[in-house]
Amino acid sequence: MYFTFLIHHITMLCIPAFFGLILWVYHFKLAADWEPEEEGAANSFLDAYFGVLDTIYNYPYLLMLALWSTIYIESWKRKQNTVSYIWGSQERKVEI
(Lines give C-alpha, C1' and ligand atoms only; values in the text may rest on other atoms or scores of the structure.)
Protein backbone atom coordinates (compact mmCIF):
# COMPACT_ATOMS: atom_id res chain seq x y z
CA MET A 1 0.00 0.00 0.00
CA TYR A 2 2.97 2.30 0.67
CA PHE A 3 4.18 2.25 -2.93
CA THR A 4 0.66 2.70 -4.25
CA PHE A 5 0.32 5.81 -2.12
CA LEU A 6 3.74 7.05 -3.18
CA ILE A 7 2.91 6.72 -6.89
CA HIS A 8 -0.47 8.37 -6.37
CA HIS A 9 1.07 11.22 -4.37
CA ILE A 10 3.82 11.98 -6.89
CA THR A 11 1.40 11.77 -9.81
CA MET A 12 -1.09 14.11 -8.19
CA LEU A 13 1.64 16.60 -7.24
CA CYS A 14 2.36 17.17 -10.94
CA ILE A 15 -0.82 19.25 -11.23
CA PRO A 16 0.01 22.03 -8.72
CA ALA A 17 3.67 21.84 -9.73
CA PHE A 18 2.80 22.65 -13.34
CA PHE A 19 0.67 25.68 -12.46
CA GLY A 20 3.13 26.76 -9.77
CA LEU A 21 5.95 26.68 -12.30
CA ILE A 22 3.96 28.91 -14.65
CA LEU A 23 3.29 31.35 -11.80
CA TRP A 24 6.96 31.31 -10.77
CA VAL A 25 8.09 32.08 -14.34
CA TYR A 26 5.61 34.97 -14.43
CA HIS A 27 6.96 36.37 -11.15
CA PHE A 28 10.52 35.87 -12.35
CA LYS A 29 9.77 37.81 -15.55
CA LEU A 30 8.16 40.63 -13.56
CA ALA A 31 11.20 40.83 -11.29
CA ALA A 32 13.57 40.97 -14.26
CA ASP A 33 11.65 43.93 -15.71
CA TRP A 34 11.12 45.70 -12.37
CA GLU A 35 12.79 49.03 -11.66
CA PRO A 36 12.73 50.64 -8.22
CA GLU A 37 10.42 53.62 -7.80
CA GLU A 38 12.69 55.40 -5.35
CA GLU A 39 16.06 56.62 -6.45
CA GLY A 40 17.98 55.42 -3.40
CA ALA A 41 16.33 51.97 -3.22
CA ALA A 42 18.35 48.78 -3.37
CA ASN A 43 18.61 47.44 -6.88
CA SER A 44 19.24 43.74 -6.31
CA PHE A 45 17.26 41.06 -8.12
CA LEU A 46 16.16 39.51 -4.83
CA ASP A 47 14.61 42.79 -3.69
CA ALA A 48 12.85 43.08 -7.04
CA TYR A 49 11.60 39.49 -6.84
CA PHE A 50 10.14 39.94 -3.36
CA GLY A 51 8.66 43.26 -4.45
CA VAL A 52 6.57 41.74 -7.24
CA LEU A 53 5.31 38.56 -5.56
CA ASP A 54 1.89 39.94 -4.68
CA THR A 55 0.01 39.70 -7.99
CA ILE A 56 -3.59 39.09 -8.92
CA TYR A 57 -2.65 35.69 -10.43
CA ASN A 58 -1.84 34.29 -6.99
CA TYR A 59 -5.53 34.09 -6.08
CA PRO A 60 -6.64 31.74 -8.89
CA TYR A 61 -3.64 29.57 -8.02
CA LEU A 62 -4.72 29.45 -4.37
CA LEU A 63 -8.27 28.56 -5.41
CA MET A 64 -6.89 25.80 -7.64
CA LEU A 65 -4.85 24.47 -4.69
CA ALA A 66 -7.92 24.39 -2.48
CA LEU A 67 -9.87 22.41 -5.06
CA TRP A 68 -6.89 20.19 -5.83
CA SER A 69 -6.43 19.25 -2.17
CA THR A 70 -10.04 18.08 -1.93
CA ILE A 71 -9.78 16.09 -5.15
CA TYR A 72 -6.47 14.64 -3.98
CA ILE A 73 -7.90 13.30 -0.72
CA GLU A 74 -11.03 11.90 -2.35
CA SER A 75 -9.10 10.24 -5.19
CA TRP A 76 -6.77 8.59 -2.67
CA LYS A 77 -9.76 7.20 -0.75
CA ARG A 78 -11.11 5.67 -3.97
CA LYS A 79 -7.75 4.26 -5.01
CA GLN A 80 -7.14 2.82 -1.53
CA ASN A 81 -10.52 1.06 -1.55
CA THR A 82 -9.94 -0.26 -5.07
CA VAL A 83 -6.48 -1.60 -4.30
CA SER A 84 -7.68 -3.14 -1.03
CA TYR A 85 -10.48 -4.91 -2.90
CA ILE A 86 -8.18 -6.16 -5.68
CA TRP A 87 -5.55 -7.44 -3.23
CA GLY A 88 -8.18 -8.95 -0.97
CA SER A 89 -7.01 -7.08 2.11
CA GLN A 90 -10.44 -5.85 3.20
CA GLU A 91 -12.02 -7.49 6.19
CA ARG A 92 -14.77 -9.89 5.25
CA LYS A 93 -17.76 -10.58 7.44
CA VAL A 94 -18.49 -14.25 7.90
CA GLU A 95 -22.11 -15.07 8.54
CA ILE A 96 -22.90 -18.24 10.44
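Would you please name the residue that is farthest from I10 (Cα to Cα), looking only at residues in segment 32-48 that are modelled with pLDDT under 80 and among the hydrophobic types (A, V, I, L, M, F, W, C)?
At the first step, the residues of segment 32-48 found to be modelled with pLDDT under 80 are 33-48.
Then keep just the ones that are among the hydrophobic types (A, V, I, L, M, F, W, C); that gives 34, 41-42, 45-46, 48.
On the way: W34: 35, A41: 42, A42: 40, F45: 32, L46: 30, A48: 32 Å.
The extreme case among them is A41.
Residue by residue through segment 49-96, note down the ones that are at pLDDT 90 or above and charged (D, E, K, R).
E74, K77, R78, K79
The values are calculated or read from the model by the stated rules, or taken from the named source; none is laboratory data. Bear in mind that the values here come from a model prediction, so they are computed numbers and not experimental data.
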